[in-house]
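The values are calculated or read from the model by the stated rules, or taken from the named source; none is laboratory data. Fair warning: this is a prediction, and the values are worked out from it, not measured in the lab. Every residue, glycine among them, receives a Cβ derived from its backbone with ideal geometry; neighbour counts consider all protein chains shown. Surface accessibility is based on the protein's heavy atoms, side chains included, excluding ligands, DNA and RNA. Shrake-Rupley method; radii C 1.70, N 1.55, O 1.52, S 1.80 Å.
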Amino acid sequence: MKKHVAFLLGVALLAGSMTACSGGGGEDEPEQKAGSTGGSSVFTGDLEQNVTIRVLENDTAISKGYFAELIAAFNEAYADEGIVAVDANMDQYLDLANDGPYGYGPDVLYQANDVVMQYAEGKHIYPLPVEELECYDQIPEAAWAAYRTEVDGNTYYCGVPVNVQAPMLYYRKDLLPENWEEEWDADGNQVPDMIENWTDMYRFSIKRHEQDPSKYGYMKSLYDTYFSAGFLFTYGGYVFGDHNTNPEDIGFSAGEAEKGAQVLSQLAGVMNEECIDDTITSNCYSKLADGTYFATLTTPDVYSTFYDELVMAYEAEGMSSQEAKAAADENLIMTTVPALPESGDLTEADPVQIPSKTMGGINGYAISAYTKSPNACLAFVEFATGYDRIMKRYEMLGIAPAREDAALQAGGVSAELYERLENEDTVLMPSIKEVAQIWTPAQTFFTDLAKDAFRSEADKKYPNLSAMKSGLEQVDGQIHDAIFTLK
């Protein structure tokens, strides 16, 4: 690996006078990666000697031990160069734009595409010579596009994809009814109906809570825009027009998005008031493990957290460590999101089901424009995105790899996520700075929608589809004002 990096860094990289990414968004996505690419001229091919690079990773990778293993392996490989990678020891949501110019920031950062590309527009990160990286041909265009920008007719990539993020359904197979094959498998395909569609998940959640008021079926914090927006997208909603590059065209209310709002309102009715805020987001790991919740929705990279909690729960029941791990392997299931009724009404009998869309993102590495060791940083990114390291990340964290070879080896959910990305059922978060303005207005709407489930009929804010449509139109207006009027 080190020899490969030394070779690629020796290639002369043409980028004119450009020293960091700028601009944002483009036209329709090309079928193949654009050929006119380059990196910053700072990537000279000479590794800086005897330097320390600070790397900002996400909290899960740190807490589960993956990051420590990664930097230890890198440091061993580059010991003779005197290059040492260390934990930046900063909050994973550090604001590089404000802190970087003053020297308080990481050299390499791992974040989602919407965050990275905000830094790109302000030239706080470098364009990278991605075509020279070993991983380049293994990563699909849909993932690279999340980090792509066009400047003066040239294409630049400001990040290297590591894993695909999209909502996934987690559930406990051992909490299924004993007779599920007779009662909950209408099509006889050996997949429980409540896993395949939200209509049956809704019906199952009602029945489980009726049988035991301390138990719930599906539980999720609905205020979270990242997870709730997909319900709107399924029925025609979107964030920005022109493939999420036109902030003047805001579409949370587009199409029949109000049907998605209605589904969320109905789902809130089978939960408790913890769905209004972030309570369920915080306690879903332990509540799924102790059997309080049957299912929830979150991202693939936290699989290991659910797994560890479930192992501890089984051990508390008297299982040996080996037995507990075997049971967790068998019973903790992560799968793609269920289908939605075309009508947007979970109470409809025998509805036509359509594929659910979800908001998604691509997490990856970027290099700070304020680093004093860009070539050493590029060496780290190359090392961290290699096949062996991505597979180790998958094994330890349960991520869905962005590398095709790693995804194929991982199989299962990773392959399904790729298919959803290619079918545009996973809608990537916009990679333009205006995306920062969508979260608060949308969150306010989703919070009120969840609260309605616990209000009297007379006090409901969104009692029908028409009111939900108006509410979403207000969200669009608030986002537009935040972008163009209040800035």
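Report the residue count in segment 295-320 for those that are over 22 Å from the mean Cα position of the chain (by Cα) and open to solvent by less than 20 Å² (accessible area, probe 1.4 Å). Residues in segment 295-320 being over 22 Å from the mean Cα position of the chain (by Cα) and open to solvent by less than 20 Å² (accessible area, probe 1.4 Å): 3 in total. When segment 252-286 is filtered for residues that are open to solvent by 20 Å² or more (accessible area, probe 1.4 Å), under 20 Å from the mean Cα position of the chain (by Cα) and not β-branched (Val, Ile, Thr), the ones remaining, listed by number, are Asp277, Asp278, Ser282, Asn283, Tyr285.
Within segment 151-184, the set of residues being of a type in the set (D, E, K, R) and surrounded by fewer than 17 Cβ atoms within 10 Å (Cβ to Cβ) comprises Asp152, Lys173, Asp174, Glu178, Glu181, Glu182, Glu183. Quick check on Tyr238: is it closer than 20 Å to Glu434 by Cβ and in a loop (DSSP other than H, G, I, E, B)? When the stated conditions are applied, Tyr238 passes them. Counted as qualifying within segment 43-151 are no strands (runs of 3 or more DSSP E), as none has 3 or more residues that are charged (D, E, K, R) and in contact with a Phe, Trp or Tyr (Cβ under 8 Å, 6 or more places away or on another chain). When the test is whether a residue is closer than 26 Å to Asp425 by Cβ, modelled with pLDDT under 95 and surrounded by fewer than 17 Cβ atoms within 10 Å (Cβ to Cβ), Asp187 passes it.
Only residues that are out of contact with any Pro (no Cβ under 7 Å at 6 or more places or on another chain) and not charged (D, E, K, R): list them for segment 173-190, please. Explain how you work it out, then say what you get.
At the first step, the residues of segment 173-190 found to be out of contact with any Pro (no Cβ under 7 Å at 6 or more places or on another chain) are 173-175, 177-179, 181-182, 186-190.
Once the filter is applied, which keeps residues that are out of contact with any Pro (no Cβ under 7 Å at 6 or more places or on another chain) and not charged (D, E, K, R), segment 173-190 yields Leu175, Pro177, Asn179, Ala186, Gly188, Asn189, Gln190.
Reported count of residues in segment 390-429, each being among the aliphatic types (A, V, I, L, M) and either part of a strand (DSSP E or B) or in contact with a Ser or Thr (Cβ under 6 Å, 6 or more places away or on another chain) (or both), is 5. Annotation note: of Val311, Val337, the sole residue that is within 16 Å of Lys173 (Cα to Cα), in contact with a Gly (Cβ under 8 Å, 6 or more places away or on another chain) and at pLDDT 95 or above is Val337.
The one condition from (1) among the acidic types (Asp, Glu); (2) touching a strand residue (DSSP E or B) at 6+ places or on another chain (Cβ under 7 Å); (3) closer than 25 Å to Leu175 by Cα that Glu348 does not meet is (3). Residues that are among the acidic types (Asp, Glu), touching a residue at least 60 places away in the same chain (Cβ under 8 Å) and under 24 Å from Thr296 (Cα atoms) within segment 208-260 comprise Asp224, Glu258, listed in sequence order. Within segment 435-487, the set of residues being under 24 Å from the mean Cα position of the chain (by Cα), of a type in the set (Val, Ile, Thr) and open to solvent by 70 Å² or more (accessible area, probe 1.4 Å) comprises Thr440, Thr444. Each residue in segment 334-389 was checked for being more than 23 Å from the chain's Cα centre (by Cα) and open to solvent by 20 Å² or more (accessible area, probe 1.4 Å), and 13 pass.
Each residue in segment 283-306 was checked for being of a type in the set (Ser, Thr, Tyr) and in contact with an Asp or Glu (Cβ under 9 Å, 6 or more places away or on another chain), and 2 of them qualify.
Selection within segment 367-385: residues that are touching a His at 6+ places or on another chain (Cβ under 9 Å) and outside any helix (DSSP H, G or I). The member of this set that is farthest from Asp200 (Cα to Cα) is Tyr370.
I want to confirm something. Restricting to segment 395-409 and keeping residues that are open to solvent by less than 20 Å² (accessible area, probe 1.4 Å) and hydrophobic (A, V, I, L, M, F, W, C), which single residue is farthest from Asp329 (Cα to Cα)? So the residue we want is Ala402. For segment 420-438, indicate whether the set of residues that are modelled with pLDDT under 90 and over 30 Å from Asp476 (Cβ atoms) is non-empty. Within segment 420-438 (the criterion being modelled with pLDDT under 90 and over 30 Å from Asp476 (Cβ atoms)), the answer is no, since none of the residues qualifies.
Condition first: in contact (Cβ under 8 Å) with a residue 12 or more places away in the chain and either over 26 Å from Gly398 (Cα atoms) or touching a Gly at 6+ places or on another chain (Cβ under 8 Å) (or both). Now tell me which residues in segment 164-185 satisfy that. Listed by number, the residues that qualify are Val164, Gln165, Ala166, Pro167, Arg172, Leu175, Trp180, Trp184.
Collect the residues in segment 196-218 that are part of a strand (DSSP E or B) and either touching a Cys at 6+ places or on another chain (Cβ under 7 Å) or closer than 15 Å to Ser356 by Cα (or both), keeping them in residue-number order. I'd like the intermediate steps shown before the answer.
At the first step, the residues of segment 196-218 found to be part of a strand (DSSP E or B) are 197, 216-218.
Matches in segment 196-218: Asn197 only.
All of (1) surrounded by fewer than 19 Cβ atoms within 10 Å (Cβ to Cβ); (2) under 24 Å from the mean Cα position of the chain (by Cα); (3) modelled with pLDDT of 95 or more; (4) of a type outside the set (A, V, I, L, M, F, W, C) hold for Glu323 with one exception: (2).
Any residue in segment 86-103 that is surrounded by 17 or more Cβ atoms within 10 Å (Cβ to Cβ), of a type in the set (D, E, K, R) and either closer than 30 Å to Leu397 by Cα or at pLDDT 95 or above (or both)? No, segment 86-103 has no match at all. Scanning segment 332-353 for residues that are part of a helix (DSSP H, G or I) and within 24 Å of Gly411 (Cα to Cα) turns up nothing. The single condition from (1) in contact with a strand residue (DSSP E or B) (Cβ under 8 Å, 6 or more places away or on another chain); (2) open to solvent by 10 Å² or more (accessible area, probe 1.4 Å) that Glu132 fails is (1).
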